[in-house]
Structure formats: C-alpha cells, structure tokens
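**Student:** My questions will all concern the structure given below.
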Amino acid sequence: MILPIVAYGDPVLRKEGKEIQKDDDSIPKLIENMFETMYNAQGVGLAAPQIGKSLRLFVIDGGPLLEDDEDEQDKEFKKVFINPQILDEQGDEWAFEEGCLSIPSIREDVYRFDQLTIRYFDQDWKEHTETYEGLKARIIQHEYDHIEGVLFTDYLPPLKKRLLKRKLENISKGKIDMRYKMKFPKK
Ligand code: NI
C-alpha cells in the first residue's frame, strides 16, 4: 500500500523515533508499505517519520543512485535498518547535492563524513555492525537523521536557509507540484 509522505513542517519530522519492540507484529507490513511508497516516489530511502510513524526504522534502495556512480563497484544496496545506532563517523567531509521526499523540489549541497559504522537489526531481527563509505554512507546518514528529527536543510548556511524560507513554507502548505501522494501540515 502506498502511504502519503509527510511534508516539511510536520512536527513528526522533528521527533526522535522510538525504539521498535521485537514483538511488534505490525513491522513486516510497515516495511513492505514503506518500500512500495519509496519506489512509487522514486526515492532511494524512506524513514518511518516520513510516513507519520515516529519509529527508529528506515528502508533504503540505493540502486538507482549507485548505478551512475563510477567509483561504486557494488550497485546493489537494498536494506532495512531497525533500531540503528551510528557508532562512529570517519574520513573527510564531502559535499553532495541531497534531496528529500518530504522536501520536494529542493536540492542542496550537504557536507557529511565519508565513512560510518552502524549497528542495526535487519527485518529478521539479525544484528549487524557494518562500515559504509561514499554514497552508501551518505544515504544512511540522511535517513538516520530522519529518525533523530533532523532534516538536510538544517545543515545549510544561514543565508541559504533564509533564501529557502518561502519555498519551505509553500511546501508545508501544499503549494507545490506533487509527483506522489503527500500529507501537508498547513493545508
Ligand atoms: Ni529525506
């Protein structure tokens, strides 16, 4: 089922997600719906707060993005992260133009560390600790921010933020061209 994606300005995007309990049997269906919603919107990642659930959960399929990346050997990157914890971030910070399904039509350069180590559970509740770099790390960092109540626009310099203020306000009011189903806080 395709779920409406919550737009910029909704308080759920600013909340810290709650840990998921292992006996929560609504999670497999939620994960399925999140993938369907993400693919429908042509995104490479989607976090639970973006569909209105304040939970520590996000799904990723970076394939479409990694396809065009010369440095990336492994083009497959479909994953579920339950109750993730970033343990460490390393390497140089580099800029990449990010977008977000909750903030359509805005794309801006964001600086992030090149590598990270993350511990999480997959959809079978198997625990993993893994290190990622480059675009894979980038996608994880962006989605991880969502479950911490952080958006990529938070990282922009003050001048840029001021320039985007009106545009962000319009997004929260639903004054945008919509490519997929959304829910607007100020509509
Ligand atoms: Ni996002």
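**Student:** Could you please find all residues in the range 137-187 being of a type in the set (Val, Ile, Thr) and open to solvent by 20 Å² or more (accessible area, probe 1.4 Å)? Steps first, please.
**Tutor:** Taking the range 137-187 as the starting set, the residues that turn out to be of a type in the set (Val, Ile, Thr) are 139-140, 147, 150, 153, 171, 176.
Answer for the range 137-187, where residues must be of a type in the set (Val, Ile, Thr) and open to solvent by 20 Å² or more (accessible area, probe 1.4 Å): VAL150, ILE176.
**Student:** Of all residues in the range 1-52, count the ones that are of a type in the set (Phe, Trp, Tyr) and closer than 26 Å to LYS126 by Cβ.
**Tutor:** 2
**Student:** Based on this model, can you work out whether ILE82 counts as within 15 Å of the ligand (Cβ to nearest atom) and either under 16 Å from PHE35 (Cβ atoms) or exposed (fewer than 14 other Cβ atoms within 10 Å of the Cβ) (or both)?
**Tutor:** no
**Student:** How many residues does the range 92-109 hold that are open to solvent by less than 60 Å² (accessible area, probe 1.4 Å) and either within 11 Å of the ligand (Cβ to nearest atom) or over 13 Å from ARG138 (Cα atoms) (or both)?
**Tutor:** So the count comes out to 9.
**Student:** Any residue at all in the range 46-63 that's open to solvent by 10 Å² or more (accessible area, probe 1.4 Å), at pLDDT 95 or above, out of contact with any Cys (no Cβ under 6 Å at 6 or more places or on another chain) and of a type in the set (Gly, Ala, Ser)?
**Tutor:** Checked against the condition, which is being open to solvent by 10 Å² or more (accessible area, probe 1.4 Å), at pLDDT 95 or above, out of contact with any Cys (no Cβ under 6 Å at 6 or more places or on another chain) and of a type in the set (Gly, Ala, Ser), the range 46-63 yields at least one hit.
**Student:** Being within 27 Å of LEU30 (Cβ to Cβ), within 14 Å of the chain's Cα centre (by Cα) and outside any loop (DSSP other than H, G, I, E, B) is true for just one of THR153, THR129, THR117. Which residue is that? Spell out the reasoning first.
**Tutor:** Numbers: THR129 fails: within 14 Å of the chain's Cα centre (by Cα); THR117 fails: within 14 Å of the chain's Cα centre (by Cα).
From the options THR153, THR129, THR117, the qualifying one is THR153.
The values are calculated or read from the model by the stated rules, or taken from the named source; none is laboratory data. Since the model is a prediction, treat every value here as computed from it, not as a measurement. Because the Cβ atoms are built from the backbone with ideal geometry, glycine has one as well, and the counts that use them run over all protein chains shown. Each accessible area value is taken on the protein alone, full model and side chains, heavy atoms only, with ligands, DNA and RNA left out. Shrake-Rupley method; radii C 1.70, N 1.55, O 1.52, S 1.80 Å.
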